[in-house]
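Participant: Next up is a structure, given as structure tokens.
The values are calculated or read from the model by the stated rules, or taken from the named source; none is laboratory data. Bear in mind that the values here come from a model prediction, so they are computed numbers and not experimental data. Positions of Cβ are backbone-derived with ideal geometry, glycine not excepted, and every protein chain shown enters the neighbour counts.
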């Protein structure tokens, strides 16, 4: 009963943010992805919403310097003009009494790149380590347990605070705020923490939310396990009362089952609120190609104990050593998840992993591995004549005897989730929409035999004259933006601003996003 009352309360709190099913969603010319089913009315045939997974690439960074170490979690990466900037924690935790190398304190380190692929560690000369400033330590002091910078896109931001950061770690518990004019030299904006309600023992982060015209932060707390709170601010100094975010487990993406049916949530019993599992980090930010959408890549934390499978995981002997201080250091495992939000408070959770630890024999499957960095960046593809792709950076070899590793992973632009169907085909029909512009383009990948067709319908689902499925020329190929035409006519200008539905027919293809221009 307590659980049902809690869920009912959460629904009442979040319901005002959900539009009526009959009310058209004003999408204008914004890019829409299939990362949630907010715009989906129904799926037909073999169509499904399919979660995709990044591809592992080369090792981007190893952290073996004396001031670095094996605790390279809580990484931030962003592109700043022609420079890619990376901030990562440098510290070492020895489980062997210093026989591997001594344990060291938390500092924050800096690396940079011109392409997001090859990284260097500049000698910054800012902080001394063993008597020398020849190192890449960018911050040492309050806030250096988890220090998360960002470039402030607020148009009213003063030059001396062009870059801002949240940090945790100091005598007073809470989140401290920092500023910088050049992303290298940092100073506290206030001597005391500005947010004090929470646990904070994770990567806590903030950003300028251009879609809402305010700063937004997400930080760690506990609510029947590891969870996430959020608050907002107009000036980065005074913040609203932090509140827990709410969740809905995306166990039926695309509404294949009648949402009014009494379907038992197979994952919600163990973790209430639709959270699916405990969430260690959150990595939430607006997606730069669709800023109205927040995408998050939290770390899933799970401890199954000393099972037979746990004994078969990499380095059972070292797991036993780690477990002497705390069992979970040997038995807990971590991987990456995917969550999304449109209203900044209610998140749709994909229960399956976005990032699995992988087929490894030594350097992964430990507690602390498979932490994704905060921030997605565009990088060039290794394949010639191919569009840019998304890069992200993931931890390996965490808390082992040597330094840690960050491996680069790649994903197609918008390639988180696709509308997919085999050659026998399937369909998706949207909720009522209102768009701007006169042309529709698709981010698709088809086989040589596959295709996508689009029908434009009225509010009641009847095809509009000239824009029926039979009028649509099949779209096929592999491109980020392919135009849709109806009997040679791509002009939708006469329908702009009216209430319409889209019917996507898909065969042996993946449709990642669509946009009106």
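Participant: Determine if the range 460-481 includes at least one residue that is within 33 Å of the chain's Cα centre (by Cα), surrounded by 19 or more Cβ atoms within 10 Å (Cβ to Cβ), in contact (Cβ under 8 Å) with a residue 12 or more places away in the chain and within 19 Å of residue 40 (Cα to Cα).
Facilitator: No: zero hits.
Participant: Next question. For a quick check of your reading: which strands (runs of 3 or more DSSP E) sit entirely within the range 280-351 and have at least 1 residues that are modelled with pLDDT of 95 or more, over 27 Å from residue 223 (Cβ atoms) and within 12 Å of the chain's Cα centre (by Cα)?
Facilitator: none
Participant: Please go through the range 104-120 and pick out each residue that is buried (at least 16 other Cβ atoms within 10 Å of the Cβ) and more than 26 Å from the chain's Cα centre (by Cα). Break it down stepwise before answering.
Facilitator: From the range 104-120, those buried (at least 16 other Cβ atoms within 10 Å of the Cβ) are 104, 106-113, 116-117, 119; that's our starting set.
The answer is 104, and nothing else.
Participant: Which residues, taken from the range 97-127, are over 23 Å from residue 146 (Cβ atoms) and either outside the structural domain of residue 379 (by TED's automatic domain parsing) or at pLDDT 95 or above (or both)? Explain how you work it out, then say what you get.
Facilitator: Going through the range 97-127, the residues over 23 Å from residue 146 (Cβ atoms) turn out to be 97-100, 114-115, 117-118, 120, 123, 125.
Matches in the range 97-127: 114, 115, 117, 118, 120, 123, 125.
Participant: Could I ask something else about it? Would you call residue 427 assigned by TED's automatic domain parsing to the domain that holds residue 320, over 30 Å from residue 66 (Cα atoms), surrounded by fewer than 23 Cβ atoms within 10 Å (Cβ to Cβ) and in contact with a strand residue (DSSP E or B) (Cβ under 8 Å, 6 or more places away or on another chain)? Walk me through it before giving the result.
Facilitator: Values: assigned by TED's automatic domain parsing to the domain that holds residue 320: no; over 30 Å from residue 66 (Cα atoms): yes; surrounded by fewer than 23 Cβ atoms within 10 Å (Cβ to Cβ): yes; in contact with a strand residue (DSSP E or B) (Cβ under 8 Å, 6 or more places away or on another chain): yes.
Spelling it out, it is not the case that residue 427 is assigned by TED's automatic domain parsing to the domain that holds residue 320, over 30 Å from residue 66 (Cα atoms), surrounded by fewer than 23 Cβ atoms within 10 Å (Cβ to Cβ) and in contact with a strand residue (DSSP E or B) (Cβ under 8 Å, 6 or more places away or on another chain).
Participant: For the range 364-378, which positions are at pLDDT below 95 and surrounded by fewer than 20 Cβ atoms within 10 Å (Cβ to Cβ)?
Facilitator: none
Participant: Also, quick follow-up: Could you say whether any residue in the range 390-408 is surrounded by fewer than 20 Cβ atoms within 10 Å (Cβ to Cβ), in contact (Cβ under 8 Å) with a residue 12 or more places away in the chain, over 21 Å from the mean Cα position of the chain (by Cα) and outside the structural domain of residue 114 (by TED's automatic domain parsing)?
Facilitator: There is no residue in the range 390-408 that is surrounded by fewer than 20 Cβ atoms within 10 Å (Cβ to Cβ), in contact (Cβ under 8 Å) with a residue 12 or more places away in the chain, over 21 Å from the mean Cα position of the chain (by Cα) and outside the structural domain of residue 114 (by TED's automatic domain parsing).
Participant: Could you give every pair whose Cβ atoms fall below 7 Å, whose first residue belongs to the range 21-38 and is in contact (Cβ under 8 Å) with a residue 24 or more places away in the chain and at positive phi, and whose second residue is surrounded by fewer than 20 Cβ atoms within 10 Å (Cβ to Cβ) and part of a loop (DSSP other than H, G, I, E, B), counting only separations of at least 6 or pairs across chains?
Facilitator: From residues that are in contact (Cβ under 8 Å) with a residue 24 or more places away in the chain and at positive phi, the pairs are 28/436.
Participant: Residue by residue through the range 223-241, note down the ones that are over 20 Å from the mean Cα position of the chain (by Cα) and assigned to a strand (DSSP E or B).
Facilitator: Result: 233, 239.
Participant: Within the range 163-196, track down each residue that is surrounded by fewer than 16 Cβ atoms within 10 Å (Cβ to Cβ) and closer than 19 Å to residue 241 by Cβ.
Facilitator: 172, 173, 190, 192, 196, listed by residue number.
Participant: Also, I was wondering about something else. In the range 52-84, how many residues are buried (at least 22 other Cβ atoms within 10 Å of the Cβ) and on the phi < 0 side of the Ramachandran plot? Break it down into steps so the answer makes sense when it comes.
Facilitator: Kept after step one, since they are buried (at least 22 other Cβ atoms within 10 Å of the Cβ), are these residues of the range 52-84: 54, 60-61, 63, 68-78, 84.
So of that shortlist, the ones also on the phi < 0 side of the Ramachandran plot come out as 54, 60-61, 63, 68, 70-73, 75-78, 84.
Count: 14.
Participant: Name, by its number, the condition in (1) touching a strand residue (DSSP E or B) at 6+ places or on another chain (Cβ under 7 Å); (2) on the phi < 0 side of the Ramachandran plot that does not hold for residue 462.
Facilitator: (1)
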